[in-house]
Amino acid sequence: MVTSDSHSFSARSPRTSQIFGILRKLHLLFFAVLVLFPQLLLAQWNATIGAQSDDLGRQALAFLPNEIWIHAGESITWTMAVNEGHTVTFLTSGQIRPPLTVECPGFSAGSASFDGSTCVTSGLLFQGDKFTVVFPVAGNFKLVCLVHSDMTGTIHVLEPSQSLPHDQAFYDHEAQRETADLLRVEGDEVVNHRHLENSVTAGHGEIVATGGGSDSLSVMRFSDAGITVHAGDTVEWTNDDPTAAHTITFGPEPPDLVNPSSNVTVDADGARHSVLNSPSDALHSGFIEAAPQDRTGLAQAPSGVTRFRVTFTKPGIYPYICSLHDVLGMKGNVVVLP
Ligand SMILES: [Cu+2]
C-alpha cells in the first residue's frame, strides 16, 4: 500500500499536487481552529421535563434524567412533555428558595447561562416549551423546579480534558427507565384506605430518590369521585401526597387559592370543616397539603393541614374540583340522598 501510494503521489500532475497541498493546509487550519476554539466541538445535550399517563392523572414530577455529566462550555436543552407546569431553575449556593411568583428573581426566556454566581430560571413552562442553559465553567450544580419541591437534579460540569461517563443515548434510555418507574400502573384510581365511612383520598404520591436528586409522582385524582351519602352526613377528604397541594372547591374558583373561604372553620384536631346547604353554595378548602420536610438547622415546620370535612344538610348533586389540577381532570361529585 505504501509503495502504491508513493507511486500515485509521484505520478500526479503539478495541478493535482497544488490542490492536495491546499487541502493539507486546510486540514491543519481545521485542527488549529479546534485547538483555539474548542467550543466548536462542544456537544448539545437534551433532557425531558415531566411525564404523564394518557388520562393526565399520574404526573411524574421529574427532570428525566435528573443527573447529567457535560463539559464546560456545553449546553443542555430541556423540553416540557406534560400539561402540569414546571420551571428549570439554578439557584446560587445557599440562596433562599424564592416563591414562584418572584421567579429567581426575574426569569430568562428561551435560554440562559449559569456559572453558579447568579441564579437562573425559566418562567413557568408548559407542554412543548423548551429552555436551554449554557454552563461556561466547571462545577456541580443543583437543578430545581420552583413549583415542586421534590423535583431536583444535578448537572456535573467537567473540564474539557476530563472524559464524560455517558453519551446522549444513555440519557435517553435513562429518561425512559425513570419514566416507566414513576408511571408504573398500580390501578387507575387512587386507593381509598381511610377508616371513616364517608372518606375520599384527595390525591396521593411518592418521592423517589436517585443519585442526582429527587423525582416525585403525584396522582392527581379523587379516590371516590362520585361518593354517595345522606343528608346530615359529613364527608372527609385527606391529601396523601407527600409534596403536592390540592384543594376541594365547590362553586367558582376564588381569587385566593391558598387560604380557605370565610365559611370554613377548624375542628379540634386541626382539620378544616364547613357546612353546605345547597349545590349552588361556594366553598373553598384552601391548600390541603403535607408539612414540608424538616431539616436539621431549620425551624420545625408546623403540621400540615391535610384534611377537609364538609357536612351536607340537603339532598342534591354537589360538583367540586381541585382548583390547582382540574385541567388534569381532578374533579368529583358528592351525591347527597335524603
Ligand atoms: Cu390537585
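Taking the numbered list (1) modelled with pLDDT under 95; (2) within 16 Å of the ligand (Cβ to nearest atom) in turn, Gln300 passes all entries but (2). In the set Thr311, Thr306, only one residue is β-branched (Val, Ile, Thr), within 16 Å of the ligand (Cβ to nearest atom) and in contact (Cβ under 8 Å) with a residue 40 or more places away in the chain; that residue is Thr306.
Only one of the listed residues (Leu298, Leu283, Leu337, Leu328) is farther than 23 Å from Ser262 by Cβ and surrounded by 20 or more Cβ atoms within 10 Å (Cβ to Cβ). That residue is Leu328. For the range 262-280, the criterion of being assigned to a strand (DSSP E or B), in contact (Cβ under 8 Å) with a residue 24 or more places away in the chain, surrounded by 13 or more Cβ atoms within 10 Å (Cβ to Cβ) and in contact with an Asp or Glu (Cβ under 7 Å, 6 or more places away or on another chain) is met by at least one residue. Looking only at the range 27-46, decide whether some residue is touching a Ser or Thr at 6+ places or on another chain (Cβ under 9 Å) and at pLDDT 95 or above. There is at least one residue in the range 27-46 that is touching a Ser or Thr at 6+ places or on another chain (Cβ under 9 Å) and at pLDDT 95 or above.
If you go through the range 314-331 and pick out every residue that is aliphatic (A, V, I, L, M) and more than 13 Å from the ligand (Cβ to nearest atom), you end up with 1.
Checked against the criterion of being at pLDDT below 95, closer than 30 Å to Leu298 by Cα and either surrounded by 11 or more Cβ atoms within 10 Å (Cβ to Cβ) or of a type in the set (S, T, N, Q) (or both), the candidates Glu103, Glu67 yield just one match: Glu103. Scanning the range 54-80 for residues that are touching a Lys or Arg at 6+ places or on another chain (Cβ under 8 Å) and over 30 Å from Glu159 (Cβ atoms) yields Gly57, Met80.
The values are calculated or read from the model by the stated rules, or taken from the named source; none is laboratory data. Model, not experiment: these values are computed from the prediction. Cβ coordinates were reconstructed from backbone atoms using ideal geometry, including for glycine residues, and neighbour counts include every protein chain displayed.
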